[in-house]
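Each remark here refers to the structure printed beneath this line.
The values are calculated or read from the model by the stated rules, or taken from the named source; none is laboratory data. Computed from a predicted model, the values in this text were never measured in an experiment. Glycine also receives a Cβ, built like all others from the backbone with ideal geometry; neighbour counts cover every protein chain displayed. The protein model used for the area step is the full one, side chains on, heavy atoms only, and it has no ligands, DNA or RNA in it. Shrake-Rupley method; radii C 1.70, N 1.55, O 1.52, S 1.80 Å.
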Amino acid sequence: MSWSSVADFWAMGGYAAYVWGAYGVTLAFMLAEPLLARRRHWRAVAAADSDTDTDTDSDLKEDS
Amino acid sequence: MPLTFFTFSSPPKFYALAGALVPWCWAAALLLTGAGLWLGFFVAPIDATQGEVYRIIFIHVPAAWMAMVLYLVMAFWAAVGWAFNARLASMVARAVAPTGAMFALVALWTGAIWGKPTWGTWWVWDARLTSTLILLFLYLGFIALVEAIDDPRRADRAGALLAIVGAVNVPIIYFSVQWWNTLHQGASISVSGGSRMASTMLTAMLLMTLAFWAYAFAVVFMRTRAVVVERERGAAWAMELNRGGATR
């Protein structure tokens with residue numbers, strides 16, 4: 001399929017709103033999803049890590 | 001340690017394996033998407049009936065196929081987790097659900113956008129659209145159910161039951177255009193009869209399907225790693241993760 005011009009490509013034969021709307025929605029979901037998964041992973045690791053911090057460290061050196 | 005069939009059913013081993021595979025899955029997804037979209041937009045011809053709007057097919061059909069396949073994947077691992085009391089299998093099922101739901105939503109949304117100029121309507125309660133909407137509800141129901149039950153293994157079993165029972169919906173979606181009089185078009189591709197599509201269109205669609213498959217592997221592996229850490233929080237290996245910088 002050879003488009004006559006870049007403008008023709010974007011125009012998609014008059015269906016630009018439909019075609020690019022559909023691709024835009026899809027791209028938005030497929031970008032958001034891995035970012036959310038990554039964030040979930042970070043949070044899980046941070047939570048697991050915080051489990052190792054014990055509260056028995058007493059720090060009474062408040063005054064100096 | 002020798003490699004057995006069950007080597008990677010250990011959560012920390014699977015965690016490491018999935019982490020190593022994720023970048024390759026992303027690379028495959030990007031390459032396949034590039035190839036598929038280039039073919040779909042610059043090689044595949046205009047459609048005789050619909051004009052250019054048919055090009056939505058290159059994301060609509062792959063998303064719909066992925067939504068269906070991922071449901072069966074989710075049900076399979078949930079069943080394995082239940083039958084063999086295999087924790088990791090149930091964790092994988094939980095990780096698959098949001099991606100499957102996303103693809104179901106994308107299939108419905110892009111389908112509606114495609115339907116408006118071609119059918120004159122955003123939505124119709126025909127068999128395929130309705131059963132795909134039910135698929136989305138099943139995904140969301142699975143996610144809500146496993147999150148609602150406190151005890152993780154009970155939640156896994158309840159979710160498995162829902163997933164397995166709901167799996168009957170997938171062949172209903174597939175055969176809906178044969179069994180009922182639907183607005184949604186019938187099958188253009190069949191395993192036995194070949195295809196009635198132009199070959200460049202078909203190739204582009206198949207490349208995009210593989211791209212969505214690779215994407216699904218990448219995201220599901222990422223999310224499985226998160227679920228594993230959430231579930232295995234108390235384990236020594238999980239507490240050591242931040243030390244090793246394993247937060248990719």
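Data for the structure
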| quantity | calculated |
| --- | --- |
| Stretch gain in nm, segment residue B:137-residue B:20, where the contour uses 0.36 nm per residue and the Cα spacing is subtracted | 38.8 nm |
| Surrounding net charge for residue B:179, when Lys and Arg each add one and Asp and Glu each subtract one, Cβ distance under 15 Å | 0 |
| Drop in accessible area of at least 30 Å² in the complex versus isolated chain, residues of the stretch A:13-29, 1.4 Å probe | A:15, A:18, A:19, A:22, A:23, A:25, A:26, A:29 |
| Contour minus Cα-Cα distance for residue B:168 and residue B:47 (0.36 nm per residue) | 40.1 nm |
| Shielding of B:102-108 by partner chains, average beta-carbon count, 10 Å | 3 |
| Part-to-part distance (alpha-carbon centres) for the stretch B:1-71 and the stretch B:111-185, which is given in Å | 20 Å |
| For the stretch B:1-140: rounded, prolate or oblate by the Cα gyration tensor [a/c cutoff 1.5] | oblate |
| Accessible solvent surface per residue of the stretch B:46-144, calculated while the other protein chains remain in place, 1.4 angstrom probe, Å² | 37 Å² |
| Helix axis angle, B:199-231 relative to chain B longest principal axis, alpha carbon, degrees | 20 degrees |
| Length gained when the stretch residue B:147-residue B:199 is fully extended (0.36 nm per residue, less Cα-Cα span) | 14.3 nm |
| Relative contact order, percent, chain B [alpha-carbon distance under 8 Å, six or more residues apart] | 33 percent |
| Computed [θ] at 222 nm, deg cm²/dmol, chain B (DSSP H ≥ 4; -39,500 (n - 2.57); rounded to nearest 500) | -25000 deg cm²/dmol |
| Euclidean distance between Cα centres, the stretch B:76-94 to the stretch A:7-24, Å | 43 Å |
